[in-house]
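The values are calculated or read from the model by the stated rules, or taken from the named source; none is laboratory data. Just so you know, these numbers come straight off a predicted model, no measurement behind them. No Cβ is skipped: glycine too gets one built from the backbone with ideal geometry, and neighbour counts run over all protein chains shown. Keep in mind that these areas ignore ligands, DNA and RNA; they rest on the heavy atoms of the full protein, side chains included. Shrake-Rupley method; radii C 1.70, N 1.55, O 1.52, S 1.80 Å.
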Amino acid sequence: MAETLPRRALVAAGLAAAMAPLPRESGATPAEARDLLQRLAPGAAREGRVALRIEAIVDNGAQVPLVVSVESPMTEADHVRALHVVADGNPAPGVASFAFTPRAGRCEVSMRLRLARSQRVVALAEMSDGSLWTASREVTVTVGGCSA
Amino acid sequence: MSADLAPRVRLPASARRGEVVEVRVLVQHPMESGQRRDEAGRLVPRRILNALVVRYLGREVMRMRLEPAIAANPLLGFFLRAEETGMVELEWTDDDGTIHRSSHRLNVAG
């Protein structure tokens, strides 16, 4: 069937395929993202104390601004020890992990992500008392950023 | 050997002692994800900056592990508590083994 198509149509079809959202199966799954977080910070996390700032709809998945902040006084006695960010629809779920000392003064980090397709971005904070806190945001991506 | 990261670091011109200030860092790096294909359809091997350590006055403030989901030419922001005038040091580790270090002066008054 394909060989009957003119070359130009094939190239156009290939380009269209490259631009279209990739099928979910070729990326990480929400279960893989959860498993990764369990390995990084085992235990049950509660919703709260973590805030994710990211656009709900992004045109360009190659450069998606993200700000993650965690409510914490960042003192010796009470601070954020680690912060993990995962995305459950990229080829691999890991995005970044941070380890903080109280010298940070404030637990807030910003970065730019690649998002291959529409998916959920999850952040998990591990406090100095061992408690785990999480938040997540669903992001709709019009053009994936995996090949960028 | 990888090219220079040409780090651009934005710190406040001056901070008060105890003030929590934002540090913004922009570096030049392709952050090859290992997922991209070249014109011939071959996968371009992964090569990213995989770690950053931030020290201030010689003591660690924060460290970060980066994955291929961090976009090309990483732009990062984080905070630190100003204590006294001194250097903020950044140490990046590249997948190719190169360690990139740079130092940036933070002026603290009072």
*Looking at (1) open to solvent by less than 70 Å² (accessible area, probe 1.4 Å); (2) at the interface with chain A (Cβ under 9 Å from one of its Cβ atoms); (3) touching a residue at least 24 places away in the same chain (Cβ under 8 Å); (4) not acidic (Asp, Glu), which is the only condition B:Met64 fails?*
(3)
*With (1) free of Cβ contacts under 8 Å to residues at least 12 places away in the same chain; (2) in contact with a strand residue (DSSP E or B) (Cβ under 8 Å, 6 or more places away or on another chain); (3) open to solvent by 50 Å² or more (accessible area, probe 1.4 Å) as the list, and B:Arg55 as the residue in question, which single condition is left unmet?*
(1)
*Taking A:Pro42 as meeting all but one of (1) more than 30 Å from B:Pro45 (Cβ to Cβ); (2) modelled with pLDDT of 95 or more, write down the number of the exception.*
(2)
_Quick check on this structure: which one of B:Arg47, B:Arg8, B:Arg17, B:Arg36 is at pLDDT below 95 and either away from every other protein chain (no Cβ under 11 Å) or farther than 26 Å from B:Asn107 by Cα (or both)?_
B:Arg36
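Results for (1) under 26 Å from B:Ala71 (Cβ atoms); (2) surrounded by fewer than 22 Cβ atoms within 10 Å (Cβ to Cβ); (3) of a type in the set (A, V, I, L, M, F, W, C); (4) touching a strand residue (DSSP E or B) at 6+ places or on another chain (Cβ under 6 Å), shown as yes or no for each residue.
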{"residue": "A:Ile57", "(1), (2), (3), (4)": "yes, yes, yes, yes"}
{"residue": "A:Ala62", "(1), (2), (3), (4)": "yes, yes, yes, no"}
{"residue": "A:Glu76", "(1), (2), (3), (4)": "no, yes, no, no"}
{"residue": "A:His79", "(1), (2), (3), (4)": "no, yes, no, no"}
{"residue": "A:Leu83", "(1), (2), (3), (4)": "yes, no, yes, yes"}
{"residue": "A:Ala96", "(1), (2), (3), (4)": "yes, no, yes, yes"}
{"residue": "A:Arg106", "(1), (2), (3), (4)": "yes, yes, no, yes"}
*Would you please name the residue that is nearest to A:Gly145 (Cα to Cα), looking only at residues in the range A:93-111 that are part of a loop (DSSP other than H, G, I, E, B) and within 7 Å of chain B (Cβ to nearest Cβ)?*
A:Arg106
